[in-house]
Each structure stands twice: as C-alpha cells, then as structure tokens.
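The values are calculated or read from the model by the stated rules, or taken from the named source; none is laboratory data. Quantities reported herein were computed from a predicted structural model and do not represent experimental measurements. Glycine also receives a Cβ, built like all others from the backbone with ideal geometry; neighbour counts cover every protein chain displayed.
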C-alpha cells in the first residue's frame, strides 16, 4: 500500500509544470520539418510499428536497425507502466504520452541514417531500462487510493523522470541535426550552463545517477511507514534533484583536458597519414604569385561557392537524397595543367574567405585531400575519408554536438586500434551533417580505386549538404549515379589551354628574363625568343616549369641553352621534354648517372615508401662494398632535383617524382632501351634486392642491435602464425601476406609493433626497409625473369648480368653475424623472417644457368646456403617463436644455440664485445 500523503513544500506547486515544460522544450528544439512530420504515439504498440517501418525502409542496414529497435522496445516496455503509476496520483494527459513516445521515435528516425551512432544510443536506452524502478510490479500490487484522492506532490516528484529522459532525447536529437539549440529544462539548467557544460557521456552518467536515486526514492516510498522519515526521504530526494553544481576552475580545466585527450584518441583511432598535407604545402610554396586567380572567377565555381547553406534544407533528409548531384563539381584538365596548384588556390580562397561568405549561420568548414600515387597512404579511397574525418574532428573539437558525437563513438569501444572503413565513413557522415562543409579533393585519377571512391562519395552527400570539388584528368569514368534526369549533372568544368595561358606567359617571361640577366644564355641573347617559348607550353604548366629547370642545368652550356630556346619546337610536349632531359642526364659522369637511375628505381618500385633519411642511405650503397660517409649526397634536398634534371623533387618529408607522368614515361615500352627505363620491373627489383642485401651484409653492425636481455620462461604460449606477416600488394612475395584482401590495413606494420620501446634503429634508417623487403624484391625479380641471354652475344659482360643480387647474397650468407643481426631486426619489427618461397624460384634460375660458369657455381652455393638458413629459421620459429617475440636478443644467447642443431647462431660475449669463441 502506498503511504499516506505528506505535506512537502515544492519549488513549483504545479504538478504539470515539468511535463508541460518538457513538451515545450521538444517543440522549440526540433526542426520545422520534424515538427510537421512528428508522430504522436499513444502507446508503445504504435511506436514499435513506426520503428519497424523505419527499419524496413533501409534494406542496407536492416538487420542492425532491427537490433537497435529491439533495445528501444525493451526500454519502452520498461517505461510504459510509469504512466500508469503517475495515473494513481493524478490524471495523465494524453499529450504527455504522445510527445514522449514520439520523441523516442524521432531520435530513432534521425539516428537511422547513422547506424553506428544509433547502436551506441540504443545501448544507452537499454542501460536506462535496467535502472528504472519496477513500475509494473508496483501497479499490480497496489490499489488506487481510497476516494480517488490525488497527490500532486507525488506527481511532481515523478515528473522529474519524464523531464530527464526528454532532455536526454533532445541531447541526442541535436547530435543528428544542424542548428538545433532548443530550450533547456529549468529543472536541469545548472547542468547546461556555459561554464559547466559536460559531454554526453558525463551527462548520461548523471542521468543514470538521478534515475538510481529515483528508484531508491520510489522503492522507499513503499517501505517507509514513519511519516517523519518519509517526509525527510522525499526532501532528500528533492534536494538532490535541485542541487546546483558548484563552479570549480580546476575541475573545469581538468574536464577540458579530458575532452581534448578524447579528441586526440579519436584522431589516433581514425589513423590518418598527413602525407597529403605535404603535397599541399609543397605546391603552395611553388605557386607563382598571382597565378590561378582566374579560376576563382569561373561562373560554375562562383555558384558552387556562394550559394547559401540553408539550415532548413540541411535537416530535410528527403531533399538531401535528391539534390546531392547539384553540390558536386568536377574540375578536369589534361596532365600537367596545374590542377594541384588550382586546388591549393581554392583551399586558400575558401579558408581565408570563410568568415566573409555569409552563406551560413557559422563559417563553413573546409576539408581537403590530395590523392598522390607516389605516397602509399594517399592512394586508397579510405585514405581520403580518414584524412577528412580527422580534419573535421580537429576543426570542431570545441563544438558541443561534435563532442557529444565523439563521446558516443568512444562509448564501450571494441578496443581495436584502428577504425574500419565503415566507421570512418560514419564519422564523416555525421560531422558533415552537423556542419556546413566544403570538400576539395585533388587527383582522383591517382586514386587506386576511382570507382569505389566515386560511388562512396554520394553516400556522404545524400546525408548532408556538403559541397565537393573534384580535380582530375578528363579520362576518369564517372559512375552513372551522377547523372540526373532533366539536369546537366554531372557538373563538369573542362579547363583548356587558353585559360592558364596568361599565367604561364607571366611565369615564363619573368623567369627567362631572370636567367638571361644572370648570363645563362651568354651575352648575345635575343630576348624576342622568350615570348615565343611560352606559347609552346600548350597550357601545360608542368612543361614550363621543367623547361626552366632544364635550362638551369649545369650540364648544359650557354650555347646549348640558347639553342634550346631557338629550337623550342623540338622540346614541345612533355614526352619530348622528358627525352631531352634524360639525354642530358645520360651525358653525365657515371656516379651522377647511377644516382639518377637509383632514384627513379626506388621511387617507382619500393615496397614501402622510404623516408628521406632512408633514401639517403639507399642511394649511398654500392653493392658488395661498405658504405662510407663520403658516398652520401651533400645538400640532399638540392642535389636530387639537380641530379635528376628536375624530374624528382624533395619536399619536407618525402622524395617524389615531380609529376605522375614522369613515372609513366619511364615505364613506357617506347623508352625501354634507355638506362633510365623502368619498363623491366624484374630487373629493377633485382638491383634493389642487391642493394638491400649489401646493406645488411656490409653496413649493419655485426652485433646485437640492443642490449642483451636474460631469458624468461614464458607463462603461456602464444601463437606465432603468419597473422603478423609483412603485408605487400602481391600474394606471391616471399613468405609475406598480401594486403590485396585487406584494404583497411596498413601496408606495413606500424612503429608501435616493435617489441622494445628503445628506438634501436634511429641511427640505421634503412634497416627496417632492407630487413623486411629484400625477400620481397628478390621474389619479384625471380617471378618474372628476363629472357635467357645468348652467351655468345654477351660473352664479355658480367657473369652476374642476370643476377646482380647474387654476389651480395653470397657474401651475406657467408657472414653468420650479419645474418643473425638481420634475424634479430626482423623479430624486433614483429615480422619473423621467412624465405621459404625463394628457394623454388632460385631452383628455376639455377636450371637455366650453366653449372660450370662462375654464376652457376655461385648460385649453387647460395641455394644450399638458403636451404640451411630456411631450416634454421623454421626451427627457430617453432621452438622459440613466442620467446623471441618478447626478447629478440635471445638469438645471440646460449639458450638458442643449445636448442638448435649444429650451433647455427653465433653467441655474443657482451663483456668482451665480440662473438664467443669456443
């Protein structure tokens, strides 16, 4: 039996106050479109039917939505008896139910386009269901008060739960809509002051605490019979509900610090590589003053940029679904036109002018990406979406709706270190929905899967009013989904050579006159040639830039430079200019020519991109010889463009071809007879393998890479399968796993995968690459070998012409300390060495080389040596794999030697600093 009524002073005497205030908050928060379509559900049966209808309308996410709807139904069944309980003390107004269940349904509806976040939300509703009191059990065990006497005070106390959950729903609603501020309920106003604002997870914890106190009060009302205790019990509950949170500067500073740490955690989880920024910043520094400004006046660009962002349309999901074509603009021009420079100009224009655009309530956000085939992390569609997601998270790191979304995102995470592609898209989709945004994407023709990118992009544009600018060559295939009946979509701006002619003329005239003033063309320069030369560019800014670099090459005399201007028609077109540059490089001394050849090979065929320090080390290697300091290039950033005739450039963090077309030309069949050709990839891989192996044999210290650690018996065995294998693009690479089936995984293990915190390779920047990649290069060299050479024709050539890696590999296998250092390095990179696939390939080569020749005898010895090494590696992994994963230095200790046959591995005497001698 419910206890007798107790007189208790209330801050608000009206029992309906919070119910009505909650409804007013709903009305003032939701958008005009949502008010128009709002469903007032009289009961949970109507609500559940609405949820089913929403699930059925989204076949792609149907099963996930059904699971979410089941959790909402669980909450609804737990809360529905609440209204019967309130009805025992007061008359329940029908609109209380209609707005409440309608608000629950609205949250599900707006969240259904962002299922990842909706799943987190329905988990929270499920948690609330378990905190609520057992209203149904109370209703079944009590009878209505005698005489039907109403108790408005109890109704008021019960109304706090209604208001709390409505407030929670409105907080969730704001995450999925733009510009929705709404009203804050007076009973919770302290929690929403500007100073004391907390992210969603903190507010949800507070909600759970309030509901727990409500449950304690509710159950106490049934148990306490002493009227004084009952009065105090109610007063304590009411005091808690009305407690004002004190302002504490230190506490608030700590909260802000936690928020920023969460932002950093999310950015790390999204796992974006910033190489695309390197492209942008490098091109900005190269851009000629006042160039590209003409594009900003292009009519289609002006319309795309200046059309106002309409908050009402941004929340109209039906309109977004049908109008997305109008917000995507393709900018197309031929190779070398200067599209990346234009993209940089657009990014700067949008960034600097965002405050003055006056096209939205808040300045629009700008996010960008540059696809670049030269960067391993700038090629896949997922790379672009990760970069965009990180930019959006960082830009809006102080926005409340975004912070709430991040709080949802990090709620009960699966613990995976990297977001999947679906999760990345979910983050992009929601943050683009929250904020008006411009996206600028350059080089989509360099994307590894252009079709995937262009079919995924509309998924974002259908859920937000995002505007996208796409720069590419004209030859990309635009999916048919971009076509719209009775419109000119896809919207394409085709740029021609007349549009950038003035920029090129200004650039060429200024720089050629400067060169003439500096005497590059001798004393008898006819400056009328300058105006004629700029007209040869045919709208290709790259041609103009490379011609200037060519003319400044120290390999040309002043007469040759002047002749080049006089006969500029012979260099007209990129291919003709490339041919001229490479002809000039071919006349250089052997050392300079070899560096240029090696640069081209490393940039074109490296398994993973080399850092600048790694590239410096790689270029200094002479196979079969230790590398000395004088073999390193001085002033590397300036030397590389000079040695390659401007075909390669050095940015702040990478070495790359000046343009994608350079690599395409070097790989073309027409150029295969040149020493600079990249057409025969097998031969190129053979030379790169030779350099990697030579580095391991001659330049890596022949001693432990880290201080020896004592053996510790493992407590539990751990699998040492190939799951941590080095990932390459081809399944046939020696002993390593292909990443062709795992586009969401990095091409290489991250630095965090090392088993020791000490950076043992800081002074050996090429160690990681050479250790992990020499078997891959050698496998690719052997998989598609060149046709057998006629010994009568090539009798005077090197015996290792077909096998340039053979002398280095023979030297490497002969030195057990070098081999052991390589094995230790591989284990320290958490990628156990595996050379099993090399041996069958070598046997094929062995059968083709006469055994009596120098090469044949050497190859026979190498095959036997590799077999022995492979057996030792397999034995090592099988017996000591788990222990070596934790302590790679054991490879140098007695424990390993005692466990393996024939004492294959040397033992290091750390006290004497040398290998132990028996």
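Within region 555-570, the set of residues being closer than 20 Å to residue 644 by Cα and in a helix (DSSP H, G or I) comprises 558, 560, 561, 564.
Is one or more of the residues making up region 86-100 under 37 Å from the mean Cα position of the chain (by Cα), modelled with pLDDT of 95 or more, crowded, with 19+ Cβ neighbours inside 10 Å and closer than 17 Å to residue 48 by Cβ? Explain how you work it out, then say what you get.
Residues of region 86-100 that are under 37 Å from the mean Cα position of the chain (by Cα), as a first pass: none.
No - not one qualifying residue is present in region 86-100.
Of the residues in region 362-378, not one is surrounded by 22 or more Cβ atoms within 10 Å (Cβ to Cβ), assigned to a helix (DSSP H, G or I) and in the same structural domain as residue 436 (by TED's automatic domain parsing).
Might you check whether a residue that is at pLDDT 50 or above, surrounded by fewer than 18 Cβ atoms within 10 Å (Cβ to Cβ) and touching a strand residue (DSSP E or B) at 6+ places or on another chain (Cβ under 8 Å) occurs anywhere in region 704-713? Within region 704-713 (the criterion being at pLDDT 50 or above, surrounded by fewer than 18 Cβ atoms within 10 Å (Cβ to Cβ) and touching a strand residue (DSSP E or B) at 6+ places or on another chain (Cβ under 8 Å)), the answer is yes, since at least one residue qualifies.
Residue check: is residue 438 assigned by TED's automatic domain parsing to the domain that holds residue 407 and touching a strand residue (DSSP E or B) at 6+ places or on another chain (Cβ under 6 Å)? So residue 438 passes the test. Applying the condition of being surrounded by 16 or more Cβ atoms within 10 Å (Cβ to Cβ) and assigned to a loop (DSSP other than H, G, I, E, B) to region 28-38 and asking which residue is modelled with the lowest pLDDT yields 31.
The requirement of being over 33 Å from the mean Cα position of the chain (by Cα), within 28 Å of residue 283 (Cβ to Cβ) and touching a residue at least 40 places away in the same chain (Cβ under 8 Å) is not satisfied by residue 615. Residues in region 449-505 that are closer than 27 Å to residue 114 by Cβ and within 23 Å of the chain's Cα centre (by Cα): 22 in all.
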